[in-house]
1. Could you compute how fast the chain diffuses translationally, taking Rh as the Kirkwood radius over C-alpha pairs and applying Stokes-Einstein at 10 °C with viscosity 1.306 mPa s? Give it in µm² per second.
2. Using Cα pairs closer than 8 Å and at least 6 residues apart in sequence, work out the relative contact order for the chain, in percent.
3. Using the eigenvalues of the Cα gyration tensor, what equivalent ellipsoid semi-axes result for region 326-377 when each is taken as the square root of five times the eigenvalue, whole Å, largest first?
4. How high is the FRET efficiency from Thr176 to Asp221, r the C-beta distance, R0 22 Å, rounded to 0.05?
5. How far apart, in nm, are the 7 Å Cα→Cβ label points at Glu26 and Arg382?
6. How many nm is it between the label spots at Lys132 and Arg276, if each spot is 7 Å from the Cα in line with the beta carbon?
7. Calculate the dipole size of region 328-397 relative to its Cα centre from +1 charges on Lys and Arg beta carbons and -1 charges on Asp and Glu beta carbons; express the result in debye to the nearest 20.
8. Helix 339-366 versus the longest principal axis of the chain: what is the Cα-based angle in degrees, 0 to 90, to the nearest 10?
Amino acid sequence: MKVTSVEKKEKSTVELTIQIDAAQFEAAVQKAYLKSRGSISVPGFRKGKAPRKIIEGMYGAGVFYEDAINDVYPSAYEEAVKEQGLDDVGYPKMEIVEVGKEGFTFKALVSVRPEVKLGTYKGITAPKEEPKITEKDVDEEMKPFVERATRLVSVKRKAKKGDTAVIDFEGFDNGTPFEGGKGENYDLKLGSGAFVPGFEEQIIGMKAGEEKDLDITFPEDYHADLAGKAVVFHVKVNEVKESQAPAVDDEFAKDVSEFETLEAFRTDLKEKVTQRRQQQAQADFENAVMDQLVEDMECEIPDGMVEVQVDRLMDDYAMRLQGQGISMDDYMKMMGMSPEMLRTSARPAALKQVQTELALTAVADAEKLEVTEEELEAEFSRLAEQYGLKVEQVKAAVPAEDLKKDLRLKKASSLVIAEAKSGKAKKKAAAKKTEAAEAAAEEAPAEEKPKRARKKKTEEPKAE
């Protein structure tokens, strides 16, 4: 392997021209022949026994070139990247320049870690809401408790909207009962829209013990047997029930909480709402601070780096779906989405994650932040306790360098947030650069999309 050319390109990419000599290529061609000969039939030879020269004579000298190239170029690419000291952060784009008995030459467009020019990262100003909790907010928080304590009580009056009518019913099509049109002691909440249009409305005004024929026309989009048909339902109301909410007083508070008085219960609910909204306000503030940090950053992010992050998001999402018993293919069918549509929808989030990681890494570098072995061990222990595992199991599953990198980014994030101030954020011109980067990521050419797992996700060169 020999690197014959190194050329810097736009958007943090470097183009390498890599040459594979005749000896290395010949070894790869021979390997491809030995691997493929068992599947090639040649008249006059047993399957798998035909000499290479005979096969090349029949199918052309380059019959094994493509397999040979695909075998050689991944390791050659990695060796070239290492030799040139490049920090490869994305998927390379490959192009065959020439190929023959003397070897082959290919170009690789390498996505390299971009240079980051930080703006202000200490004293960033971002909006922060101070939650104000009203009595109406407390009432809303109490609603679920009231609803759970609400009971259905039988009443001797005409049914009205909102009541629950306990009914027997049977449907007839030209005097003949139809399948699925019968029920007994069915609890129907009037106004819920659970039955076909016109059914519940005709129950309103009926009393317990009353019977009635309802003229109903099924919608045109109903299932085929009954779509658009005029039928008759014979209905008997067995009981009418109304919802009766409890009196919201001290006794109610005792029944639904650990408090003795309604006032104490409401005070507790108010504190919980306040805490929840303060936590949300802090999270929103921290997100806004990170957005400002990214907006102030100057950086050309290669498309390949974003595509790597898209793949990670797709893998994470597939695992979450699998945990719910749903495959990614089934999910896409249900949503009417193609793989590329799903990837496109994930790119803005992937871009933002890449931008944030680059900005925080630059902060950590600027502040010379490091993670001690004690901090690393403490994090392993915390994770083990969180997931109910032994520390050794966590260490086997999580690479120490990856965890150290995450902890370093957390340190940088904590520093930036601790130095931030609440207030009205200034609009910055760099925001336009962020929008432009998002647009560029959305419009990445289809041929640059990765096809396999990390280091193998390159465009496989095809021999001519």
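The values are calculated or read from the model by the stated rules, or taken from the named source; none is laboratory data. Not measured: the values here are computed from a predicted model. Positions of Cβ are generated from backbone atoms using ideal geometry, with glycine treated the same way; all protein chains shown enter the neighbour counts. Surface areas here come from the heavy atoms of the whole protein model, side chains and all, with no ligands, DNA or RNA. Shrake-Rupley method; radii C 1.70, N 1.55, O 1.52, S 1.80 Å.
1. 53 µm²/s
2. Answer for the chain is 20 percent.
3. 38, 16, 5
4. Calculated transfer efficiency: 0.40.
5. If labels sit at Glu26 and Arg382, their model points lie 5.9 nm apart.
6. Going from the Lys132 label point to the Arg276 one covers 2.1 nm.
7. Charge dipole, region 328-397, about its Cα centre: 520 debye, nearest 20.
8. That works out to roughly 70 degrees.
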